[in-house]
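Presented below is the structure to which this report refers.
The values are calculated or read from the model by the stated rules, or taken from the named source; none is laboratory data. Predicted, not measured: the structure shown is a model, and the values here were computed from it. Please note: Cβ atoms are built from the backbone with ideal geometry, for glycine as well, and neighbour counts cover all protein chains shown.
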Amino acid sequence: MTVNRIQKIISERNDDYLDLLNYAIQLGDLEWQEQILESLCHWNTSSEWAIMENLWREFDRINYKLMQVYEDIRQSTDELSKKQLLQQWWELKLQRIHVSRQIQSEATEQDSREQSCH
């Protein structure tokens, strides 16, 4: 499951919980409001974990490919093949940088959301 798909599911679930929260507010049910808010914080924390897990798996997959390509470069004797492998290696490095930035961004967002839950 992709990060975008997970985020879409989270967003839809949050919308449903916010609708319930609005209804609880209209009813004046303070206990139910608190339960809904606690559920939102709990579910978002669980979902954020799934997003981070997915990002780290992608990071590991890219690293594994980088090691394979690096070994192929070292063993290659053909210059054209080496150039192609070096190009692939650079593309993988750029992908890894992109995923690293996503992980950093997600971790920062999680920290701020956790603070707002407590």
task = Find all pairs meeting these conditions: Cβ atoms under 7 angstrom apart; at least six residues apart or on different chains; first residue within segment 23-43 and more than 17 Å from Arg13 (Cα to Cα); second residue polar (S, T, N, Q) and surrounded by 15 or more Cβ atoms within 10 Å (Cβ to Cβ).
result = Ile25/Gln33
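Residue-wise test of (1) loosely packed, with under 11 Cβ neighbours inside 10 Å; (2) in contact with a helix residue (DSSP H, G or I) (Cβ under 6 Å, 6 or more places away or on another chain); (3) not in a helix (DSSP H, G or I).
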site: Ile9; (1), (2), (3): no, no, no
site: Asn14; (1), (2), (3): no, no, no
site: Ala24; (1), (2), (3): no, yes, no
site: Trp32; (1), (2), (3): no, yes, no
site: Trp56; (1), (2), (3): no, no, no
site: Val69; (1), (2), (3): no, yes, no
site: Leu80; (1), (2), (3): yes, no, no
ask   = Could you say whether any residue in segment 91-103 is surrounded by 16 or more Cβ atoms within 10 Å (Cβ to Cβ) and more than 21 Å from the chain's Cα centre (by Cα)?
value = no
request  = Evaluate the following for Ala50: is it among the aliphatic types (A, V, I, L, M), modelled with pLDDT under 90 and under 15 Å from the mean Cα position of the chain (by Cα)?
outcome  = yes
